[in-house]
Amino acid sequence: EGNFLFSIITVTKNSEKTIERTISSVLNQSYKNIEYIIIDGGSTDNTIDIIKKYSEKIDYWCSIKDEGIYHAMNYGVILSYGSIIGIINSDDIYQPDAISIVKKYFANNPKSSFLFGTVERNYLGQNKILKSGFNKRRILYNFDSQTSHSAGFFIKTDVHEQIGLYNTKYKCSADYDLFYKFIIKHKLNGTSTN
């Protein structure tokens, strides 16, 4: 089935209320071949103290003044050594077997380039299950908030290198731009889990 190294990236800023649950959900995965990277955008609350509490188990973290979320994501992607990159927001969590399920998917579908998953998201103080709802037709005609990094996104690193990084000129939609490039322009294969 293959023993992939996953690079999991969390981009955060002032997330003291939720970041610990996110970190714990990554560190407590049943699948252990994970490189965990946290890019903090210069938090002024207790986020850094919480990250430091887990620093021995985090492969790389930094707190730097960045130029926005996509700039920070690009930095995390550049630092990644894994063959599959996953993005998890600082207010989302993975279930304990999430990476194991994703690993099996990529092992059983070697031609697939990406996967949208389902995450539990803290939204306005409430935990909600966000299903990815990936649908190629919907992407052709109408992106929505669930077809984004909030829906647990994984991509093969070599595909990311082929397509390029997030275009930071799009302050709110660089993820949609990236998805457009690899789904529509390059016609890469992928799916979603529910």
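Things to note:
- Label sites at E16 and S100, each approximated as a point 7 angstrom past Cα along Cα to Cβ, lie 3.6 nm apart.
- Full extension of the segment from K111 to N3, taken as 0.36 nm per residue of separation minus the current Cα-Cα distance, would add 37.2 nm.
- Accessible-area value, Y54, 1.4 Å probe, nucleic acids and ligands omitted, Å²: 40 Å²
- ³J(HN,Hα) computed for each position of the stretch 34-41 - Karplus, 6.51 cos²θ - 1.76 cosθ + 1.60, integer Hz, glycine/proline x: 10, 9, 10, 10, 10, 10, 9, x
- At full extension, L165 and I78 could sit 30.4 nm farther apart than now, given 0.36 nm per residue minus the alpha carbon distance.
- Förster radius 25 Å - calculated FRET efficiency between L27 and D49, Cβ distance, rounded to 0.05: 0.90
- Across all directions, the average projected area of the convex hull around the alpha carbons of the stretch 1-89 is 5.5 nm².
- Amide proton proximity set for S7, modelled H, under 5 Å, gap of 5+: E35, G82, S83, I84, I85, G86
- Ranking by accessible area, most exposed first, for E16, E56, E35, E67 with a 1.4 Å probe: E56, E67, E16, E35
- Added length on full extension, which subtracts the Cα-Cα distance from 0.36 nm per residue, D158 to C62: 32.1 nm
The values are calculated or read from the model by the stated rules, or taken from the named source; none is laboratory data. For clarity, every value in this text was computed on a predicted model and none was experimentally measured. No Cβ is skipped: glycine too gets one built from the backbone with ideal geometry, and neighbour counts run over all protein chains shown. Side chains included, ligands, DNA and RNA excluded: accessible areas come from the protein's heavy atoms. Shrake-Rupley method; radii C 1.70, N 1.55, O 1.52, S 1.80 Å.
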